[in-house]
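Undergrad: Please read through the structure below; I'll follow up with questions.
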Amino acid sequence: MSQTRPAGEIASELKQQLDGAQELDDKVERAVPLISRCFGVATDEVALFLADERKTVLHFIWPLRLKQVGFIPWSSHDSLAARTAREGRVFLNNTFASVHHASFFEKIRLKDGIAARPKPIQKIISVPMVANGEVRGVIQVSRKGEEGDELADFSMADAEMLVDLAGVLAAGL
């Protein structure tokens, strides 16, 4: 597991971060650094999506560059985020790069001034954000790198931690 602090302590800190902001963008900008530190990943290896009211699309709310670019149809069969939302279940995949998936968004440069192409997602945890029994969105934490890079696997404990954090996010966003 990437984090040595108790899950309840991290969830409590996340709740405080969310409670300390009014606007959605402020809440997200407070939450993402905490989540990225928790899993030992960069902030651009965290993705947050919110579902529209009719459950027709998932809108990116993080990374900010992707928020400006688009959305994912709820019905998409090539999107892990859409599948996570539709099925309301957790996915952990430490061989994600070898699985057919929508990779369009992986190719978008998330930071200005970087000429190198973005690294593909190699490992991922995808968790529905559920509040009051309803899927409100999806959070994904990934590890990006080139094929053959030595990247730590995600564990079931990591997935369980992300489920706890997803519940806090669902209630607080």
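Undergrad: So what's the back-of-envelope 222 nm ellipticity for the chain, counting only DSSP H runs of four-plus at -39500 (n - 2.57) apiece and dividing by all residues, rounded to 500?
TA: The helix-only estimate for the chain comes to -11000 deg cm²/dmol at 222 nm.
Undergrad: When the chain is fully extended, how far beyond the present Cα-Cα distance does Asp149 get from Glu23, taking 0.36 nm per residue of separation?
TA: Roughly 41.6 nm would be gained on extension.
Undergrad: While we're here: What size of dipole, in debye to the nearest 20, comes out for the stretch 7-172 about its Cα centre when the only charges are +1 on Lys and Arg C-beta atoms and -1 on Asp and Glu C-beta atoms?
TA: Roughly 460 debye for the stretch 7-172.
Undergrad: Something else now. Work out from phi, with θ = phi - 60° and the Karplus expression 6.51 cos²θ - 1.76 cosθ + 1.60, the ³J(HN,Hα) of each residue of the stretch 136-142, listed in order in whole Hz, and give x for Gly and Pro.
TA: Going residue by residue, I get 9, x, 9, 10, 10, 10, 10 Hz, with x marking Gly and Pro.
Undergrad: Oh, and also: List the relative contact order of the chain as a percent without decimals, with contacts defined as Cα pairs under 8 Å and 6+ residues apart.
TA: 24
Undergrad: Moving on. Scaled to the compact-protein estimate 2.2 N^0.38 Å, what is the alpha-carbon radius of gyration of the chain, rounded to two decimal places?
TA: Rounded to two decimals, the normalised Rg is 0.96.
Undergrad: Picking from His59, Ala47, Pro128, whose Cα lies most toward the positive end of the charge dipole for the stretch 7-172 (charges on Cβ: Lys, Arg +1; Asp, Glu -1)?
TA: Most positive-ward Cα: His59.
Every number in this text was worked out from the coordinates using simple rules, so none of it is lab data. Because the structure is a prediction, the values reported are computed rather than measured. FYI the Cβ positions are ideal-geometry reconstructions off the backbone, even for glycines, and counts take in every protein chain you see.
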